[in-house]
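Quick notes on the structure that follows.
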Amino acid sequence: MALYKITTKRKFENGNLLIDKGLSVQVSSFAVNPLYYNEGNDVNNAFLRIYGIDLKPHGLLSATFLEVEKV
């Protein structure tokens, strides 16, 4: 099982939601890329748990918005 650091690449604003560039979470996973494993639920749950931000409804669980780095 590997540990991954997932970081936001850019700023996102939508109404009352603001996500800054550089927010990061750590996720452990057996997958090569945790964004594409289990529909990104592990990554989304980590952002929900730490920052209270749900990325899924806004379509932000993608490589264009998030950078994945193996720690």
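Miscellaneous remarks
- All positions within segment 1-42 that are buried (at least 18 other Cβ atoms within 10 Å of the Cβ), more than 14 Å from Val71 (Cβ to Cβ) and touching a Leu at 6+ places or on another chain (Cβ under 7 Å): Thr8, Leu35, Gly40
- Residues of segment 48-64 classified as modelled with pLDDT of 95 or more and either in contact with a strand residue (DSSP E or B) (Cβ under 7 Å, 6 or more places away or on another chain) or small (Gly, Ala, Ser) (or both), total: 1
- Every residue from segment 43-57 that is under 9 Å from the mean Cα position of the chain (by Cα) and over 18 Å from Glu69 (Cβ atoms): Asn45
- Look at segment 46-71: where a residue is open to solvent by less than 20 Å² (accessible area, probe 1.4 Å), no partner that is of a type in the set (Asp, Glu) sits 6+ places away or on another chain with Cβ atoms under 7 Å.
- Flag for Glu39 being in contact (Cβ under 8 Å) with a residue 60 or more places away in the chain and of a type in the set (Asp, Glu): no
- Hits in segment 11-25 (condition: more than 11 Å from His58 (Cβ to Cβ) and β-branched (Val, Ile, Thr)): Val25
The values are calculated or read from the model by the stated rules, or taken from the named source; none is laboratory data. Just so it is clear, the structure is predicted and the values come from calculations on it, not from any experiment. Because the Cβ atoms are built from the backbone with ideal geometry, glycine has one as well, and the counts that use them run over all protein chains shown. Heavy atoms of the whole protein, side chains included, go into the accessibility calculation; ligands, DNA and RNA do not. Shrake-Rupley method; radii C 1.70, N 1.55, O 1.52, S 1.80 Å.
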